[in-house]
Amino acid sequence: MQGGSSGIGYGLKYQILKFCLHTQARCISDVKADTDHTSFLTGTLSLKEENEVHLLRLSSGGTELICEGLFSHPNEIWDLSSCPFDQRIFSTVFSTGESYGAAIWQIPELYGQLNSPQLELIAALDAHVGKINCVLWWSSGRHDKLVSIDEENIFLWSLDCSNKNAQVQSKQSSGMLHYLSGGAWDPHDVNAVAATCESSVQFWDLRSMGKTNSIEHAHVRNVDYDTKKKHLLVTAADESGIHLWDLRMLKAPIQELPGHTHWTWAVCCNPEYDGFILSAGTDSTVNLWLVSTSNHDELPSESLVESPNQRANSLLNSYSDYEDSVYGLAWSSREPWIFASLSYDGRVVVESVKPFLSRK
C-alpha cells in the first residue's frame with residue numbers, strides 16, 4: 001500500500017547550511033527522558049562544514065516541528081543516542097575523516113538563554129582503536145553502564161556523569177573473521193546484548209563477556225528487540241528483508257517480511273503497541289508493518305514462517321516522500337503513535353500512525 005504523507009517536515013539543510021544546498025545526516029534518537037515534550041535529537045554528517053546537533057520538539061498542538069536547540073559538534077556524527085534517564089545527556093560516535101571517536105555529552109541547562117550554547121563533554125570513550133560503530137544505553141531504567149561496539153570488540157563502561165568520568169569495566173574481542181557492525185541491548189535483560197556482523201547476529205552476556213548464542217544470517221544491517229515481548233528480536237538484512245526471531249529457538253525465523261526494493265537498512269519496534277514495526281531502506285521509503293505477536297509468548301515447536309500472502313497483508317503503509325536513502329528511525333516514547341525518520345539529505349519527517357491503530 002502506498003500512502004500519501006500528512007507528516008510534518010523539518011529540513012536540516014535550511015537550518016545548518018545557510019549558504020549550501022545540502023547537509024547530510026543519518027542518525028536520529030527519541031528523547032525518552034523528556035516526559036513533557038515529544039522530542040528528538042539528530043546530528044549532521046558534513047566533512048567540510050561545521051557539524052551540529054539539533055534538538056527538535058513537536059509543538060503542543062502537534063502542528064509544528066520546532067528546532068528547540070542547536071549545538072555545535074566537533075566532527076561528523078555517525079551514531080547518536082539519547083540517555084533514557086536524563087534528557088540533557090546523549091552519546092555520539094564521530095569521525096574526523098581519518099579516525100573515529102565516541103563521547104558522552106550534556107546539553108547546558110540554560111541553553112535557551114545563551115547566544116551560542118556549547119555542549120559540555122562528560123566523558124570520552126577513548127579506549128577504542130579502530131572504527132567505532134555505536135554506543136548503547138539500556139533503555140529500561142537508570143543504569144550506570146554503557147556498551148560501545150567497534151569492528152572487533154565490545155566494551156562495557158562504567159559511567160559517572162556527576163564526576164564526568166567513564167571507565168572500561170570489561171572488553172572482549174568478537175573473534176577472528178567477525179567484523180561487528182552494530183547492536184542492540186535487550187530491554188528485558190540488562191546483561192544481554194545482540195551484536196551484528198557480516199555473517200551472523202551474536203548474543204553476548206555482559207557478566208562473562210562471552211558469546212551465548214548466534215543467528216547465522218548474512219548481511220544483517222540492523223537489529224531491534226521488541227520491548228513488549230520478552231523473546232522477540234527483529235533483524236533487517238541487505239537483500240533478504242526483515243525477519244522475526246524467537247530467542248528461545250534460533251534455527252529459523254518465526255516470520256518473514258519482504259523488506260524494501262533495495263537494501264533494508266533499519267528496523268524499529270514500537271515501544272507500546274504490539275506488532276507495529278518500522279523499516280527503512282536505501283529505496284527512499286519507510287514501511288509500517290503490523291505482525292501478529294500474540295502466539296510468541298509460548299515456546300514454538302517449529303518454524304512458523306508466514307506465507308507470501310500473509311507477508312503482503314502485514315504491510316500497513318509505505319511512506320515515500322523522500323528524495324534520498326532513509327537511515328534513521330525513532331518512535332516517540334511519550335506518544336508512541338508518532339515516529340520520526342531521517343533521510344541522508346538531512347530531512348526529518350514526523351508521522352502519526354493513529355489511523356492504523358484500529359487494525360490491531
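FYI, it's all coordinate maths here, none of it is from the lab. Predicted model, so just to flag it, every value in this text is computed and none were measured. Glycine gets a Cβ as well: all are built from the backbone with ideal geometry, and neighbour counts include every protein chain shown.
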Practice task
Tell me which residues come under 5 Å, amide H to amide H, from Ile122 once H is placed; ignore anything under 5 positions away on its chain.
Solution key: Ile104, Trp105, Gln106
Handout entry: Kirkwood-based shape ratio for the range 43-199, expressed as Rg/Rh from alpha carbons
Key = 0.98
Handout entry: Cα-Cα over 21 Å, subset of Lys230/Lys251; Lys32/Lys145; Lys32/Lys171
Key = Lys32/Lys171
Completion exercise
Calc'd 3J(HN,Hα), the range 166-173, phi into Karplus 6.51 cos²θ - 1.76 cosθ + 1.60 (θ = phi - 60°), Hz, glycine/Pro = x, comes to 9, 10, 5, 8, 7, 8, 8, 7
Completion exercise
With the range 132-205 reduced to its Cα atoms and the Debye formula applied, log10 I(q)/I(0) at q = 0.16, 0.17, 0.26 1/Å amounts to -0.54, -0.61, -1.25
Completion exercise
Note to self, the chain gives a 222 nm [θ] from helices alone (DSSP H runs n ≥ 4, -39500 (n - 2.57) apiece, / all residues, nearest 500) of -500 deg cm²/dmol
Handout entry: Other-chain or far-sequence residues with amide H under 5 Å of Gln24's (modelled H)
Key = Leu45
Problem - Compactness relative to 2.2 N^0.38 Å, alpha carbon Rg of the range 30-92 - result: 1.15
Exercise for the section: Neighbouring Cβ atoms within 10 Å as the yardstick, rank Thr282, Thr63, Thr42, Thr212 fewest first. Expected result: Thr63, Thr212, Thr282, Thr42
Practice task
Can you tell me the alpha carbon radius of gyration of the chain divided by the globular rule-of-thumb value 2.2 N^0.38 Å?
Solution key: 0.94
Handout entry: In nm, spacing of pseudo-spin labels at Arg142 and Met249 (7 Å Cα→C-beta vector)
Key = 4.1 nm
Handout entry: Exposure proxy order (Cβ contacts within 10 Å, fewest to most) of Tyr225, Tyr111, Tyr100
Key = Tyr111, Tyr100, Tyr225
Fill in the blank from the handout: Within the under-10-Å Cβ sphere about His219, not counting His219, Lys/Arg +1 and Asp/Glu -1 give a net charge of -2
Practice task
Starting with the fewest neighbours, write out Ser158, Ser60 ranked by other beta-carbon atoms found within 10 Å of each beta-carbon.
Solution key: Ser60, Ser158
Problem - Under Karplus coefficients 6.51, -1.76 and 1.60, residue-wise ³J(HN,Hα) of the range 27-40 in Hz, glycine/proline x - result: 9, 9, 9, 5, 8, 4, 6, 7, 8, 9, 9, 8, 10, 9
Exercise for the section: Note down the net charge around Gly43, summing +1 for each Lys or Arg and -1 for each Asp or Glu among other residues with Cβ under 11 Å from its Cβ. Expected result: -2
Exercise for the section: Treating cross-link reach as a plain straight distance, find the aspartates and glutamates whose alpha-carbon is under 15 Å from the alpha-carbon of Lys228, omitting any fewer than eight places away in the same chain. Expected result: Asp186, Asp189, Asp246, Glu272, Asp274, Asp297, Glu298
